Amino acid sequence: MNEIREVEVVVTGAGQAGLSSAYHLRRSGFEPERDFVVLDRSPAPGGAWQFRWPSLTYGKVHGMHALPGMELTGADPARPSAEVIGEYFDRYERAFDLRVRRPVAVRAVREGDSGRLLVETSAGTWSTRALINATGTWDQPFRPHYPGQESFLGRQLHTAQYAGPEEFAGQRVVVVGGGASGTQHLLELAPYAAATTWVTRRPPVFREGPFDADAGRAAVALVEERVRQGLPPRSVVSVTGLPLNDAIRKGLADGVLDRLPMFDRITPDGVEWRDGRHVEADVILWATGFRAALGHLAPLRLREPGGGIRVEGTRAVADPRVHLVGYGPSASTVGANRAGRAAVRDIRRLLAQDRPIAA
């Protein structure tokens, strides 16, 4: 029988949220491997950033907030963001001796003995008093189903599989999705494609003017209210709208961002609407977002009737041993940093009820 290793805290995921949590555990006196362990499914440091397409250079990244305790300085804006941020995360893990174990897939978290949780993984089982779940969304790309989808003779891919605009050269491309990724990919591939069509469920909302701190707090509050009610979180972008920057203005002027309502079915050679309109396509690119990767938590039965996990701060209301960071309102780089700190603070209180941890 495999040995079960005991720790105080297991952190699942080593993206921004997971590394922030590990940093604050270290700052609070927890020792890696002895008191806590960080398990990461990815093959290398960098979280979801390591999988970004090469043409997304660091200079094109908006809102990348530094990890706590170490700034990201001197990065070449022309280098791929996957390389820049992957190297930064690697330096960070080594600087704070976080000892991330990878690649480790977390398969299930279930109830153990004496009030502990059992974390079952591809690298064995850990018994823990608390769990910081920072698994993000990258492993759960969402692609809705439409009638006729299986009949399409062209290529269908999600933006998670996007490798760059060159692969669409000379092809007729339908881009589905009204979020930031939909517009970014559409604008990037349009000069290469033979034709593009933009399709969204709702009319896009473009935001004029600066997005100040008050507007940001209001947007986060709307997302936070959903998770308080046990509803699946929506992205912050979904409630803020799309910033009307120079690239968007040019796309609107050039007709690249002429949006059509959602089609009703997919045909072997394209997509069509009830009114008889038909658009031929070689590729359908689904820019339809991601869902939180929480399947491993299913044995704990944390989901509410609304389909989400009810969260107060970062704590799962149904189980105070479980904290979700990078989930819902903390699914931004700055939000993930704050959530990591808050989760560790609450976990210290929880553990101190039985056995204090040295400051």
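The values are calculated or read from the model by the stated rules, or taken from the named source; none is laboratory data. Bear in mind the structure is a predicted one, so any value in this text is a computation, not a measurement. Note that each Cβ is placed from the backbone with ideal geometry, even for glycine, and that neighbours are counted across all protein chains shown.
Couple of notes before you dig in:
- Of the residues making up the range 181-190, not a single one is assigned to a loop (DSSP other than H, G, I, E, B), within 20 Å of the chain's Cα centre (by Cα) and surrounded by 15 or more Cβ atoms within 10 Å (Cβ to Cβ).
- The residue pairs whose first member lies in the range 53-76 and is over 19 Å from residue 341 (Cα atoms), whose second member is at pLDDT below 85, and whose beta carbons are closer than 6 Å, counting only pairs six or more residues apart or on different chains, do not exist in this structure.
- Flag for residue 29 being touching a residue at least 60 places away in the same chain (Cβ under 8 Å), small (Gly, Ala, Ser), more than 26 Å from residue 110 (Cβ to Cβ) and assigned to a loop (DSSP other than H, G, I, E, B): yes
- Out of 310, 291, one residue alone is surrounded by fewer than 17 Cβ atoms within 10 Å (Cβ to Cβ), under 30 Å from residue 110 (Cα atoms), among the basic types (Lys, Arg) and under 28 Å from the mean Cα position of the chain (by Cα). It is 291.
- Note on the range 59-82: among residues that are over 18 Å from the mean Cα position of the chain (by Cα) and within 20 Å of residue 44 (Cβ to Cβ), the one that is surrounded by the fewest Cβ atoms within 10 Å (Cβ to Cβ) is 76.
- Residue 53 being part of a helix (DSSP H, G or I) and modelled with pLDDT under 95: no
- Within the range 1-11, the set of residues being among the β-branched types (Val, Ile, Thr) and within 16 Å of residue 30 (Cβ to Cβ) comprises 7, 9, 10, 11.
- Among residues of the range 258-278 that are β-branched (Val, Ile, Thr), those with a Cβ under 8 angstrom from a residue that is in a loop (DSSP other than H, G, I, E, B), sequence gap 6+ or separate chain, pair up as 266/146; 266/147; 266/148; 266/152; 267/148; 267/152; 271/263; 271/281.
- Some residue of the range 204-216 being at pLDDT 95 or above and surrounded by fewer than 15 Cβ atoms within 10 Å (Cβ to Cβ): no
- Scanning the range 99-132 for residues that are farther than 20 Å from residue 17 by Cβ, of a type outside the set (A, V, I, L, M) and assigned to a loop (DSSP other than H, G, I, E, B) returns 112, 113, 114, 115, 116, 122.
- Checking the stated criteria, residue 82 turns out to be touching a Phe, Trp or Tyr at 6+ places or on another chain (Cβ under 9 Å), among the small types (Gly, Ala, Ser) and under 30 Å from residue 192 (Cα atoms).
- The one condition in (1) modelled with pLDDT of 95 or more; (2) over 18 Å from the mean Cα position of the chain (by Cα); (3) within 25 Å of residue 287 (Cα to Cα) that residue 86 fails to fulfil: (2)
- Test result for residue 285, exposed (fewer than 15 other Cβ atoms within 10 Å of the Cβ), assigned to a strand (DSSP E or B) and not charged (D, E, K, R): no
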